[in-house]
Amino acid sequence: MLARRATTRAWTLLSVATCCIALLGLVAIPGRSAYAGAALEERQLPMKFSWVACQPNCRGWISAVGIVTAETPGDFDAFARDYRLKGETVVLDSGGGSVNDAIALGRRFRALEMFTTVGVSVLTPSARDERAHVSPEAYCESMCVFLLLSGKSRSVPEQAHVRVHQIWMGDRADNARAASYSAYDLMTVERDIGRLAKYTFDMGGAGDLLSLSLNVPPWEDLHELSREELRATNLITTDKVARLGSTNAAVVELAPKSLQRIFVSTAAASAGQE
């Protein structure tokens, strides 16, 4: 019984209830197309990978849509066997998912020196064939934000939404304040926060990202990162990125925040709260 309970404790950075509320609000916004509504639903299904080809006029990219599950790292490995993915771009549209499986997937992205961004891949029929482009109206929430961090180079369009939340138990996220928790539960969350912290620094992220994420409980709305916060957390590393679907390939790297500054700013913030 204990083993069965342990296997059902999937950690996520996203409250399912909050996610559903946000989803309904977005779909109900006047002027949203039927395509946009379908894309938002797909973002809450298990993650799928697909190669979007736009040759001969531009370079293709990987579309990664959906939440990360226990099967996702293996699904990516199977997908990667059919393509030469080193140095390619991953376009993310995701509601989050399992912490440890997202960490494993992010490390695969970094090993392949991939570029990451947020968007929805769109195929538009033309007279001759289909034209591919990326719509910036997309969401990267919860553990998707840490997948974004795994990119060797990272960009976030102005119209994209990057949102963070605390780690919590998936089976108790709907009623987090009223649920019961054991010493084993506390041990598990402490362990996974440690894993997430190590991963964050391994990927070149800032302590600010952990602070912003871990300060938002599951009974509150997700926190959407501002442009300033995206830069302070090192989630953005480029000022210019080629528009996917175009022939413009200009990329300008930003200077990353030094680790010394990361630790100093994080320590100062912690001292101010005590």
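The values are calculated or read from the model by the stated rules, or taken from the named source; none is laboratory data. None of these values were measured; they are calculated from a predicted model. To get the accessible areas, we keep the full protein, side chains included, count just its heavy atoms, and leave off ligands, DNA and RNA. Shrake-Rupley method; radii C 1.70, N 1.55, O 1.52, S 1.80 Å.
Odds and ends about this structure:
- Per-atom-type breakdown for the stretch 132-235 gives carbon and sulfur 52% of the accessible area (1.4 Å probe, protein chains only).
- Under-5 Å amide H pairs with residue 94, H placed in peptide plane, nonlocal only: 66, 139, 140, 141
- Phi-based couplings in Hz for the stretch 132-138 (Karplus 6.51, -1.76, 1.60; Gly and Pro marked x): 9, 8, 10, 7, x, 6, 9
- Taken one residue at a time, the phi angles of the stretch 91-100 give Karplus couplings (6.51, -1.76, 1.60, θ = phi - 60°) of 9, 9, 8, 8, x, x, x, 5, 4, 5 Hz. Gly and Pro are set to x.
- With protein chains left intact and a 1.4 Å probe, residues in the stretch 149-195 average 50 Å² of accessible area per residue.
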